[in-house]
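The structure appears right after this line, and notes come after that.
Every number in this text was worked out from the coordinates using simple rules, so none of it is lab data. Just so you know, these numbers come straight off a predicted model, no measurement behind them. A quick note on method: Cβ atoms are made from the backbone with ideal geometry, for glycine too, and the neighbour counts reach across all protein chains shown.
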Amino acid sequence: MTKNIKSVGVIGAGQMGNGIAHVVAVAGYDVKLYDVVQEKLQAGLATISGNLARQVAAGKIDEKSRQEALKRIQLADSLEALADTDLVIEAATEDESIKRKIFAQLCPVLNPEAIIASNTSSISITRLASQTDRPERFIGIHFMNPVPVMKLVELIRGIATVDETFETARAFVESLDKVTTVAEDFPAFIVNRILLPMINEAIYTLYEGVGSVEAIDTAMRLGANHPMGPLQLADFIGLDTVLSIMQVLYEGLADSKYRPCPLLVKYVEAGWLGRKTGRGFYDYREDPPVPTR
């Protein structure tokens, strides 16, 4: 048994949020995109428009589909604007305290029958659900970045998530032409449980002087056939997000192998967060980007 989803709210217009709004609108759903920072809404919509245009140029969608998708996206200036949506996907920054505040403000204005999902890449779905008025209708829907390109979506049930919520979420994700995999509610789930420690180890390899940024990334691209090196990937994800996930793993599993590399901490403290700030393990103010170590 599944619930019929017609309209979707997306909270957060950043890299993940605008990507989710993009694929949801292309699939034919009405979308309301909200962000607490109004400038991010306009920037997010501009990103969606540009990415849709690239899909047209690549022959993946036609011009009519691009125009129709843009018409389905409505920018929301408050959480109250999401009140009548059937599903709300939270895609805010990977900070549990921020997510808790969002749910506390969202639940009182949201349709009582609506499903709430979090796009968290590491935080306990059970714990987040407990902060809402509907833990049975709460689920983790973790899209991969960049959302319009990556096929996989992780589904994570909390301890209270009922079958109807799970089946509705699975049917919804599959309607987006995505492939689902089911993960248990353990820190970082499947993909990031494996991927982020590898990235953290690459940063340790740099920190200990085993290889330079360029050497490490070249070694993994050509020696392990990875599409991009782990340090380049870290910059793409955002070093603050990498650190947040490693902290969740370290605290949640109490194992020293997940200890965040001190060099990662230093870069985040410096505000060198990767592509989004112009500097990380590479300096993106140069063309082409140059390693910073």
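Listed values, structure above:
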quantity	calculated
Angle between the chain longest axis and helix 191-207 axis [Cα atoms, degrees, rounded to 10]	30 degrees
Violating pairs (Cα-Cα greater than 24 angstrom) within the set LYS60/LYS276; LYS32/LYS178; LYS101/LYS178; LYS71/LYS276; LYS32/LYS101; LYS101/LYS151	LYS60/LYS276; LYS101/LYS178; LYS71/LYS276; LYS101/LYS151
Degrees, to the nearest 10: 96-106 long Cα axis against longest axis of the chain	10 degrees
Mean Cα-pair separation over length for the range 185-293, i.e. relative contact order, pairs under 8 Å, 6 or more apart, %	26 percent
Most to least packed among 13-21, 263-271 [average Cβ atoms within 10 Å]	13-21, 263-271
Candidate aspartates and glutamates - alpha carbon under 15 Å from LYS266, same-chain residues fewer than 8 apart omitted	GLU208, ASP235, ASP240
Ranked packing of 166-178, 52-64, most packed first, by mean Cβ within 10 Å	166-178, 52-64
Taking the C-alpha atoms of the range 21-125, convex hull volume expressed per residue in Å³	108 Å³
Net charge contributed by nearby residues that have their C-beta within less than 11 Å of PRO262 (K/R +1, D/E -1)	0
Ranked by how many other beta carbons lie within 10 Å on average, peptides 35-43, 231-239 from highest	231-239, 35-43
Cβ-Cβ FRET estimate between ASP283 and TYR204, R0 fixed at 22 Å, reported to 0.05	0.55
Volume in Å³ per residue [convex hull over Cα atoms, computed for the chain]	133 Å³
Rounded Å value of the spacing that divides the Cα centres of the range 131-188 and the range 23-100	18 Å
Degrees, to the nearest 10: 63-72 long Cα axis against longest axis of the chain	70 degrees
